[in-house]
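For reference, the structure is listed below as structure tokens.
The values are calculated or read from the model by the stated rules, or taken from the named source; none is laboratory data. In this text the structure is predicted, and so the values were computed from the model without any measurement. Counting neighbours? That spans all protein chains shown, and the Cβs are built from the backbone with ideal geometry, glycine included.
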Amino acid sequence: MFKIRLLAMCILFVVTLVAGTVKGDFRVNADTGTAAQRAPAMAMNGLGNFVIVWMDEREDTGDIYCQMYDSLGNPQGINFKVNDDTGSASQGSPSVAMNDSGFVVSWADSRNDTTNIYAQRYNNLGTSLDSNFRVNDTSSSLWYSSPSIGIYKNGRFVITWSSETISGNGIKGQMYNKSGIPEGANFIIGSCGMDISHSSVSWGSYPNFVVIWRSIWYWSSTTYGMDIEGERFDSLGTQIGRIGVASEFQEESFACPLVATDNSGEFIVVWHALRGEFARSFSDSGTPQCAAFLVDSGISSACVAMDDSGKFIVVWNDKRYGKSNVFAQKYYNDSLPYGEAARINNEDTCSHICGRQSVVINDSVCGFVWMDNRNGNWDIYAKLMNWRLFGVEEKSKAKTQISKLRVYPNPSYGGFNVDFMIPKSGEVSLKLYDVSGRLVKEIMTGYKEKGMHSISYKGDVKPGVYFLKTDTNKVHKLIIVK
């Protein structure tokens, strides 16, 4: 799947999502008052139907609400409350997973005077299959938070969460059969760091599942390092391999890693570091397929979704133009970016759009959800896009398409020639990047008449592997030798 070592992301342009919109920005919560809605999460099945869950304060305390949609984004029924307690306890941090038969919601719940992890199962019509049930084995003064759910195609599911202990935080999990009956007891997942938290689990069409988390390692009372780690499990919940995701970044601060898998067991992990949003791809055996690469220098934690064939989308919160917007970058399964980074929200008057955003994808449709205050208070907004078409039109001006791109000699001893054709006159850009994604040389940028063109470059490029990239994302590999 990941055959080419990453050409990490080039300079990204804002694009307008016009072509390919299945359903434009729409508000999810029906409440139009001043109550705040927060922390949305989204799940989609293979048919394109999807559900959105969020924390909702319309009844003065935090409750978990849900809304179902068909594959065209039409609401199926109305907003409904997931938690069934009638007291003043607060609920938050919802997570949801879905297959063709139904979906499962999990959340942090304080109804018993301390925070526990609860869950609720539904069939594909939105009918509850049981009452709310507690996931963690015991209710005590310990703090349980940040649940994550993965659901297998046959209906079995697993929930992971952060568990506070006297010596630090850890990750626990619980497996269930398709009828919602626990398979065994709670099990410990992350246990080697002094502070282990923020788990993410992915389980889909492949029998094995993956759990990722953040670790903090204390070398002394004043020095520490962070890592993104993980564990692979077989279908019975047996640990089959540890994963080191970001050990080379131990000097940095990490936040909220997320993982997504395809139907062959390969997976992608994303996380936020001091320098921005990073990602790294892995084979089904947990072997890294590339070095960690920078997606963008965004301002908040990234999220990711992957379809069965290995295509994936990374979404993050970005403030490059003074306002916080939701941006996305899509990739095909060779891990090279397809198209340019796209702004998802289309409301220019928003003073602030905030994570946490969420994304889902199947073979043809992408769904996005985020917190949005365009109406003066926090609402939940969503958008539905066609995978093949979104992110192809630049906001400022259309790019000139380049065809018949040829680079020679290749390998080269330093200088090289570029031949290309453009079907109509316009701006053309050719840039050279190294394998880390760093811009090495701007070969040319300017206006060209339609027709064939040839450019000769004689420069001081060091020996190595490079990628010549056009502004319409044609990429040509170039090898420079001594």
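Counting residues in the stretch 129-144 that are hydrophobic (A, V, I, L, M, F, W, C), at pLDDT 95 or above, in a loop (DSSP other than H, G, I, E, B) and surrounded by 14 or more Cβ atoms within 10 Å (Cβ to Cβ) gives one or more.
Would you check if there is a residue in the stretch 43-53 being out of contact with any Lys or Arg (no Cβ under 6 Å at 6 or more places or on another chain), surrounded by fewer than 14 Cβ atoms within 10 Å (Cβ to Cβ) and of a type in the set (Val, Ile, Thr)? Scanning the stretch 43-53, I find no residue that is out of contact with any Lys or Arg (no Cβ under 6 Å at 6 or more places or on another chain), surrounded by fewer than 14 Cβ atoms within 10 Å (Cβ to Cβ) and of a type in the set (Val, Ile, Thr), so the answer is no.
Hey, does the stretch 238-247 have a residue that's part of a loop (DSSP other than H, G, I, E, B), touching a strand residue (DSSP E or B) at 6+ places or on another chain (Cβ under 7 Å), modelled with pLDDT of 90 or more and surrounded by fewer than 16 Cβ atoms within 10 Å (Cβ to Cβ)? Scanning the stretch 238-247 turns up no residue that is part of a loop (DSSP other than H, G, I, E, B), touching a strand residue (DSSP E or B) at 6+ places or on another chain (Cβ under 7 Å), modelled with pLDDT of 90 or more and surrounded by fewer than 16 Cβ atoms within 10 Å (Cβ to Cβ). Identify the residue in the stretch 251-268 that is among the charged types (D, E, K, R) and modelled with pLDDT of 85 or more and, among all such residues, is farthest from Ile212 (Cα to Cα). The selected residue is Asp262. Quick one: how many residues across the stretch 1-34 are in a loop (DSSP other than H, G, I, E, B) and modelled with pLDDT of 90 or more? Qualifying residue count, the stretch 1-34: 3. Whenever a residue of the stretch 111-135 is farther than 22 Å from Gln67 by Cα, its partners that are modelled with pLDDT of 95 or more and not in a strand (DSSP E or B), lying with C-beta atoms within less than 8 angstrom and at least six residues away or across chains, give the pairs Arg111/Asn83; Asn116/Val135. Just one of the listed residues (Trp271, Trp316) is farther than 20 Å from Val210 by Cα, of a type outside the set (D, E, K, R) and assigned to a strand (DSSP E or B), namely Trp316.
Would a scan of the stretch 69-85 turn up a residue that is modelled with pLDDT under 95, of a type outside the set (A, V, I, L, M) and within 27 Å of Asn186 (Cα to Cα)? Yes, some residue in the stretch 69-85 is modelled with pLDDT under 95, of a type outside the set (A, V, I, L, M) and within 27 Å of Asn186 (Cα to Cα).
Residue pairs whose Cβ atoms lie under 8 Å apart, sitting 6 or more positions apart in sequence or on different chains, and linking a residue in the stretch 446-474 that is under 13 Å from Phe420 (Cα atoms) and part of a strand (DSSP E or B) to a partner that is polar (S, T, N, Q) and at pLDDT 85 or above, are Ser454/Asn417; Ile455/Asn417; Ser456/Asn417.
Scanning the stretch 286-313 for residues that are small (Gly, Ala, Ser), in contact with a Lys or Arg (Cβ under 8 Å, 6 or more places away or on another chain) and at pLDDT 90 or above yields a single hit, Gly286.
Can you give me the number of residues within the stretch 423-445 that are in a strand (DSSP E or B) and of a type in the set (Ser, Thr, Tyr)?
Of the stretch 423-445, the ones in a strand (DSSP E or B) are 426-434, 439-445.
Right, trim to of a type in the set (Ser, Thr, Tyr) and you get 429, 433, 445.
Of the residues in the stretch 423-445, 3 are in a strand (DSSP E or B) and of a type in the set (Ser, Thr, Tyr).
Condition test on Ser162, is it under 18 Å from Gly204 (Cβ atoms), assigned to a strand (DSSP E or B) and of a type in the set (Gly, Ala, Ser)? Spell out the reasoning first.
Working: under 18 Å from Gly204 (Cβ atoms): no; assigned to a strand (DSSP E or B): yes; of a type in the set (Gly, Ala, Ser): yes.
Criteria not met by Ser162.
Check Phe327, Phe420 and return the single one that is at pLDDT 85 or above, over 30 Å from Asn79 (Cβ atoms) and in a strand (DSSP E or B). Can you show your working first?
Details: Phe327 fails: over 30 Å from Asn79 (Cβ atoms).
On inspection, the qualifying residue turns out to be Phe420.
Just a yes or no: is a residue in the stretch 305-319 surrounded by fewer than 20 Cβ atoms within 10 Å (Cβ to Cβ) and without any contact (Cβ under 8 Å) to a residue 24 or more places away in the chain? Yes, that holds for at least one residue.
Among the residues of the stretch 373-392, not a single one is hydroxyl-bearing (Ser, Thr, Tyr), at pLDDT below 90 and assigned to a strand (DSSP E or B). Looking at the stretch 395-402, is at least one residue at pLDDT below 80 and over 33 Å from the mean Cα position of the chain (by Cα)? Taking every residue of the stretch 395-402 in turn, none turns out to be at pLDDT below 80 and over 33 Å from the mean Cα position of the chain (by Cα).
Does the stretch 183-198 contain any residue that is surrounded by 22 or more Cβ atoms within 10 Å (Cβ to Cβ) and modelled with pLDDT of 95 or more? No, the stretch 183-198 contains no residue that is surrounded by 22 or more Cβ atoms within 10 Å (Cβ to Cβ) and modelled with pLDDT of 95 or more.
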